[in-house]
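> Have a look at this one.
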Amino acid sequence: LTAAPSHSVAEEERRARANDREYNEKFQYASNCIKTSKYNILTFLPVNLFEQFQEVANTYFLFLLILQLIPQVSSLSWFTTIVPLVLVLAITAVKDATDDYFRHKSDNQVNNRQSQVLINGSLQQEQWMNVCVGDIIKLENNQFVAVREVALQGNKSLPLFWQIEMKTNMKVRQAIPVTSELGDISRLAKFDGEVVCEPPNNKLDRFSGTLYWKESKFPLSNQNTLLRGCVLRNTEWCFGLVVFAGPDTKLMQNSGRTKFKRTSIDRLMNTLVLWIFGFLVCMGVILAIGNAIWEHEVGTRFQAYLPWDEAVDSAFFSGFLSFWSYIIILNTVVPISLYVSVEVIRLGHSYFINWDKKMFCVKRRTPAEARTTTLNEELGQVEYVFSDKTGTLTQNIMVFNKCSISGRSYGDVFDVLGHKAELGERPEPVDFSFNPLADKKFLFWDPTLLEAVKMGDPHTHEFFRLLSLCHTVMSEEKNEGELYYKAQSPDEGALVTAARNFGFVFRSRTPKTITVYEMGIAVTYQLLAILDFNNIRKRMSVIVRNPEGRIRLYCKGADTILLDRLHPSTQELLSTTTDHLNEYAGEGLRTLVLAYKDLDEEYYGEWAQRRLQASLAQDSREDRLASVYEEVESDMVLLGATAIEDKLQQGVPETIALLTLANIKIWVLTGDKQETAVNIGYSCKMLTDDMTEVFVVTGHTVLEVREELRKAREKMMDSPYAVGNGLPCPEKCSSAKLTSVLEAVAGEYALVINGHSLAHALEADMELEFLETACACKAVICCRVTPLQKAQVVELVKKHKKAVTLAIGDGANDVSMIKTAHIGVGISGQEGIQAVLASDYSFSQFKFLQRLLLVHGRWSYLRMCKFLCYFFYKNFAFTMVHFWFGFFCGFSAQVGHPQPLLACVRDGLCPCMEYPKLYEPGQLNLLFNKREFFICIAQGIYTSVLMFFIPYGVFAEATRDDGTQLADYQSFAVTVATSLVIVVSVSGWTPATGHFFIWGSLAVYFAILFAMHSNGLFGMFPNQFRFVGESLWLLRELVIYIIFLVLSPVIKEHSV
């Protein structure tokens, strides 16, 4: 037995004994209680504040608040800092508390679900949180699975609806044969088997374990387990043994935090804030030096009138205190509200995306969804789009279109002259009325295939027999003669439906048998083995025994895999079938190859024993099983090939054309054949006949791939740019320079590369050559790629190109590239929503991508850039007035004006859908960068100079109506503050819709101003609100309005 797992020692294997809680408790396995919340009532305040003060900005303003509590340092009231700080902390805390409340609510809902647990020989109701490892639980139809468990017994095969992926297709699960006959509850209560399996992990499609019972060992695989979060379908009940609970289940193991993505604007803002802080320190040092000099030269002469504080004993120490005082006064140059304001804007943009009716799919009742609020402006800067093909560009609704059987192609219809008939010219579809179980929705146009079936052609019968047996489809008969197929993939459903209509009707299956109606006659095959499909094998096989006792292996899979495993005697048929495959792929059809192999009884018995030994292996079980499968799947007899049509989604060509005009490069990464992908490329206008050339890279070795890439670059660079043999000379041309030269060449090029060639191209010594060639092309198509290669291609562009990347896909095989790209988009289609769950944005059709980027992306980028430019301009204009005032107040850290309320909403958006070139400023990052930042602060400083010195000059000579001097500190401060609000708020162009916010902001400002200068506030806080009646009195003076009129046009002409 293994030691009890702990936090410090990793669990090496899992042991679970049925009906023995005492034995299982000593391993200290996790309970089934789920906790995704972060806080409780006692820990919320301290933990949340601790988390918030890890933000540098919050810590900085807490430091300022402490300084303001020191009388010798602060000339401002403490509320000027504590109010915005508390407001920011409170808003964030409320948001975090709300999020955590819903987490608590979700946890309680899940933990309190009821489950039937076998305890002391009887079924008892238990909450999910109380289910333990080793318990036997009962599940009923349509019930959620509470834990990861091994299926022990059920009343039939167990197809599951994968709630974990929200898929609409089924997965077949079945009890292990040795326990499926346990029978009633009394036998289950006595069951004392022990499961030894792998430790908890996040691999959803793998499980390796062994059941020890009655001194025997029985292999356990993924087919024998039920996943937490799934829903039981198509069976009345089943019993299972709990192996993993709570955080150890696959679902929770896959609930780890997604990598946090930050935009380029975020990264730039962090740098700019550091620069601003350095600028603040420099201003503080300058003013502190000025204070020390002034106190030494002038201040010492006025000790009788302006004595130093008791703690101040020298001009130097006065300058030291003045430094901290000015850090407080000028702190507004470091924007505490910047990050909060940015998040509010992003949240608003996210709602705009969610509310967009033009991105709502009526057919599926699915709206667009912004699953993150941090990347909206990055949508306006995308340069590279990486797209899956099946289900993303296409509908993923499969239709059996053509097939090749024993060297003859079926599916095309010819007219009397022998010409191929187009769809609109075809006669009526094939009549399947002879078959009462035929699917009425199925259409096929070539009657010769049905004639071959009716004539009893053995090859045709064997072809459809394979399609009716080699699959994992589940059949459900709701009414007599009405069959409903539930398939794991649309491909499987289309093939089984085709076999059904041509007379080979799959009716039902059990763990050991498959029943097929062959031309109306029921035939039951004994199912001996299923050799599962996966992304590495790219094929699936079944081994069955027919009623006559003959054992045969049926296999279907990708041509690149299966054609290498055929018997040499099929060479002539192979050549003909390959021609048909290329023809089908050229039409954009998805192809599979079918083959079979007869096995004698003795060989099968030996092979089954080797398979059992491999399945019982504790280490490298999958590799050993793959080796055993490889052995039997050899020297097969070629039967034919299928061709399935997957039509383009509506609006895909128009979307790609529009994105191309916006200078967005689209790369398609697909697992399909090269010919199929190229055909789809032409269909969706990625590839056109007007292109200068389409380069195809199919090399099988490193040298071949390098040579093909070299030739492509040579043709693109043309002779004046070629060096020697066409390769750029490393001493004369750097990688960056070569890329710019290639991208500047005339002509439109495209690159098509196969998966095996891509594997070489992605090697460290060749990846730059591949990237340079690909980036110079208008379109790139990568065929036969694995999910890992998809992510590697995206990472390559991210690593070497200063460009924003977007990946879009619909299936689980797209998750890796979706997470790798700067922005991930999930299509909620036929493949479920695992891609959606990993994405940043989601919608149901590819055509919505143009609106996401060209409308919402551009809007978000423009608005964010305008806001940031205005924000920094406003902050510098506001703060630098205090700096200039310091030179006229003896550097005494007196504020130049009370703090006003500043606000502005500006917008100006052009129709990018009509003019896609308007998208390019975002790609080039023209609207907010370091240059724009310095322009904004220069304009802010310029505004502050005018805002200070023009009123200063006017007040120096101005008098009231009664002839007395107008100039005093309070009048000057209120004038400067009011001028600042008016001028900065109305600066720049604003559309008509912005007037409400502009004048509303000014109205709010004056309302607050009058309130702050009221007798009521002065009576309550005399030390903080000393400007009693100042605003009302000052606004009676005509000279104040003259100042406003003079400043507004001058500053507006030079403002952002």
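> Among the lysines, which fall within straight-line cross-link reach of Lys711, defined as a Cα-Cα distance under 21 Å, with same-chain neighbours fewer than 8 residues apart omitted?
The reachable lysines, counting only those whose Cα sits under 21 Å from Lys711, are Lys732, Lys737, Lys778.
> A further question follows. In what sequence, highest mean first, do 805-813, 1002-1010 appear when ranked by Cβ atoms within 10 angstrom?
805-813, 1002-1010
> Separate question: Each label point is 7 Å from the Cα along the Cα-to-Cβ direction; what then is the distance between the points at Glu957 and Phe279, in nm?
It works out to 3.4 nm between the two label points.
> Set the Förster radius R0 to 56 Å, insert the Cβ-Cβ distance between Asp266 and Lys363 as r into 1/(1 + (r/R0)^6), and round the FRET efficiency to 0.05.
0.90
> Give me the net charge for the shell around Arg550: Cβ to Cβ below 11 angstrom, other residues only, Lys and Arg +1, Asp and Glu -1.
-2
> Also, I was wondering about something else. Would you mind computing, in nm to one decimal, how far apart the modelled labels at Lys799 and Tyr603 are, each placed 7 Å from Cα along Cα→Cβ?
The two pseudo-label positions are separated by 4.6 nm.
> A follow-up question, please. Give the value in nm², to one decimal: projected area of the alpha carbon convex hull of the stretch 463-603, averaged over all directions.
9.7 nm²
> List the pairs from Lys214/Lys486; Lys357/Lys440; Lys685/Lys790; Lys38/Lys203 whose alpha-carbon separation is above 32 Å, in the order I gave them.
Lys214/Lys486; Lys357/Lys440
> Using a simple charge model, +1 on the beta-carbon of Lys and Arg, -1 on the beta-carbon of Asp and Glu, nothing else, what dipole does the stretch 394-647 show about its Cα centre, in debye to the nearest 20?
The calculated dipole for the stretch 394-647 is roughly 680 debye.
> A follow-up question, please. Quick check on packing: order 560-566, 657-663 by the mean number of other C-beta atoms within 10 Å, highest mean leading.
657-663, 560-566
> Once the Cβ-Cβ distance between Met913 and Gln526 is put in as r, and R0 is 45 Å, what FRET efficiency do you end up with, to the nearest 0.05?
Rounded to the nearest 0.05, the efficiency is 0.15.
> Give me a comma-separated list of calculated 3J(HN,Hα) values for the stretch 669-677, in order, Karplus coefficients 6.51, -1.76, 1.60 applied at θ = phi - 60°, integers in Hz, x for any Gly or Pro.
These are the phi-based 3J(HN,Hα) values: 10, 9, x, 6, 4, 4, 5, 5, 5 Hz.
> Let me ask something additional. Work out how much length Tyr212 to Phe434 would gain on full extension: take 0.36 nm times their residue separation and subtract the Cα-Cα distance, in nm to one decimal.
Full-extension gain reported as 74.7 nm.
> Sticking with this structure for a sec: Which lysines, if any, have their Cα less than 22 Å from the Cα of Lys217, not counting same-chain residues under 8 positions apart?
Lys190, Lys512
> Report the gain in length on full extension from Leu347 to Met766: 0.36 nm times residue separation, minus Cα-Cα distance, nm rounded to one decimal.
Going from the current span to full extension adds 146.6 nm.
> Ile70 to Glu12: FRET efficiency via 1/(1 + (r/R0)^6), r the Cβ-Cβ distance, R0 45 Å, to the nearest 0.05?
0.15
> Need the C-alpha centroid separation for the stretch 559-581 versus the stretch 640-692, integer Å.
28 Å
> Which whole-Hz couplings ³J(HN,Hα) result when phi for each residue of the stretch 798-804 is put into the Karplus expression 6.51 cos²θ - 1.76 cosθ + 1.60, θ = phi - 60°, listed in order with x for Gly and Pro?
For the stretch 798-804, the Karplus-derived couplings read 4, 6, 10, 10, 7, 9, 7 Hz, x marking Gly and Pro.
> Right, here's the next one. Given H placed on each backbone N at 1.01 Å, which residues far from Thr394 in sequence or on other chains put an amide H within less than 5 Å of it?
Gln649
> So, by mean Cβ neighbours within 10 angstrom, what's the order for 482-493, 787-798, 35-46, 970-981 with the highest one leading?
Answer by packing, highest mean first, reads 970-981, 787-798, 482-493, 35-46.
> Starting from the Cα-Cα distance between Ser575 and Arg187, subtract it from 0.36 nm times their residue separation and give me the gain in nm to one decimal.
My answer for the length gained is 133.8 nm.
> Please compute the net charge surrounding Val344, taking Lys and Arg as +1 and Asp and Glu as -1 over other residues with Cβ under 14 Å from its Cβ.
Here the charged neighbours net out to +1.
> I would also like to ask the following. Can you list the residues, at least 5 places off or on another chain, whose amide H is less than 5 Å from the amide H of Arg371, using H built in the peptide plane?
Excluding prolines and chain starts, which carry no amide H, the hits are Tyr841, Ser842.
> Amide H of Val668: which non-local residues (sequence gap of 5 or more, or other chain) have their own amide H closer than 5 Å, using H built in the peptide plane?
Close amide H contacts, sequence-distant or interchain: Ser387, Val780, Ile781, Cys782.
Values in this text are rule-based calculations from the coordinates and carry no lab data. Worth saying up front: this structure is predicted, and the values here are computed from it rather than measured. With ideal geometry, Cβ positions are generated from the backbone for all residues, glycine too; neighbour counts draw on all protein chains shown.
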